[in-house]
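Presented below is the structure to which this report refers.
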Amino acid sequence: MTEPKGKPAVWQGGTVWLTGLPSAGKTTIAVGLAARLRAGGHRVQVLDGDEIRAALSADLGFSKEDRDTNVRRIGYVSGLLAAHGVTVLVPVIAPYAMSRQAVRDQHAAQGVRYLEVHVATPVEICADRDVKSLYAKQAAGEISGLTGADDPYEAPVAPDLRIHTQDRTVEESVQQVHALLTERGLS
Ligand SMILES: Nc1ncnc2c1ncn2[C@@H]1O[C@H](COP(=O)(O)OS(=O)(=O)O)[C@@H](OP(=O)(O)O)[C@H]1O
Ligand SMILES: Nc1ncnc2c1ncn2[C@@H]1O[C@H](COP(=O)(O)OP(=O)(O)O)[C@@H](O)[C@H]1O
């Protein structure tokens, strides 16, 4: 396959999983980081939670079992892409430690780089942002099983990076993750 003209492609791939509560800032950071990496010549794919659920996991809900299946599916796809030189950014809640560990193990078994970033925005801030009005709906009793409100979130014990987005600009948060990638040879 011929590479597009322009900046030379950068070939090292890997998965960067951004885990955190709804409205923590996962998608915003992934989109900002993707633009920055693409400008540097990287092949980048963002596997957004909502898009993947529509395309690949439409059969799944938000039970523990379904979330685990969803996370493992996304991990499988990201591993394939990353093995072929793509930097895969995954802004997906992934609330259970065991599912996240399974994805990490799967990448290790394939010899593919994997970084976990905990977007550790406190639930009060997330509920205040409430980008999709989910916290309001949960508080009003219209939905249940919302991560962080009335469904579990197992915070990572030893992520590669933990970031606090409150009192930070989006650009500062993107820069923090970009610095991690640089340190680990992924940018
Ligand atoms: N009950 C409940 N709990 C959590 N999230 C909910 C729920 N219902 C819908 N949504 C919306 O779906 C997005 C979460 O999908 P994910 O695939 O990231 O979740 S998971 O990893 O399978 O738990 C999530 O997207 P983000 O807000 O971007 O995190 C929500 O918008
Ligand atoms: N430092 C920051 N990093 C990321 N998002 C931030 C930051 N400060 C404020 N925000 C805002 O928080 C919201 C996060 O929404 P989103 O990225 O959709 O969250 P998630 O994907 O985790 O559900 C956006 O409106 C974003 O502009």
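The values are calculated or read from the model by the stated rules, or taken from the named source; none is laboratory data. Being a predicted model, the structure only gives us computed values, none of them experimental. For the accessible areas, the whole protein counts, side chains as well, though only heavy atoms, and no ligand, DNA or RNA atoms are used. Shrake-Rupley method; radii C 1.70, N 1.55, O 1.52, S 1.80 Å.
Couple of notes before you dig in:
- Phi-derived couplings, Karplus 6.51 cos²θ - 1.76 cosθ + 1.60 at θ = phi - 60°, listed residue by residue for segment 168-185: 10, 7, 4, 4, 5, 5, 4, 4, 4, 6, 4, 4, 4, 4, 5, 4, 9, x Hz, with x used for Gly and Pro.
- For segment 14-182, the solvent-accessible area works out to 46 Å² per residue, with a probe of 1.4 Å and every protein chain left in place.
- Per-residue Karplus couplings for segment 128-136, computed as 6.51 cos²θ - 1.76 cosθ + 1.60 with θ equal to phi - 60°, are listed in order as 6, 5, 6, 3, 10, 6, 6, 5, 5 Hz, Gly and Pro entered as x.
- With one equal scatterer per alpha carbon and no solvent term, the Debye-computed log10 I(q)/I(0) for the chain at 0.17, 0.18 1/Å reads -1.10, -1.23.
- With respect to the chain, whose longest principal axis is taken over its alpha-carbon atoms, helix 97-110 is tilted by about 10°.
- Value of [θ]222 nm, deg cm²/dmol, for the chain, DSSP H segments ≥ 4, -39500 (n - 2.57) each, nearest 500: -13500 deg cm²/dmol
- For T87, residues with placed amide H under 5 Å, excluding near neighbours: G14, R43, V44, Q45
- Centroid-to-centroid, using Cα positions, segment 40-98 and segment 110-150 are 16 Å apart.
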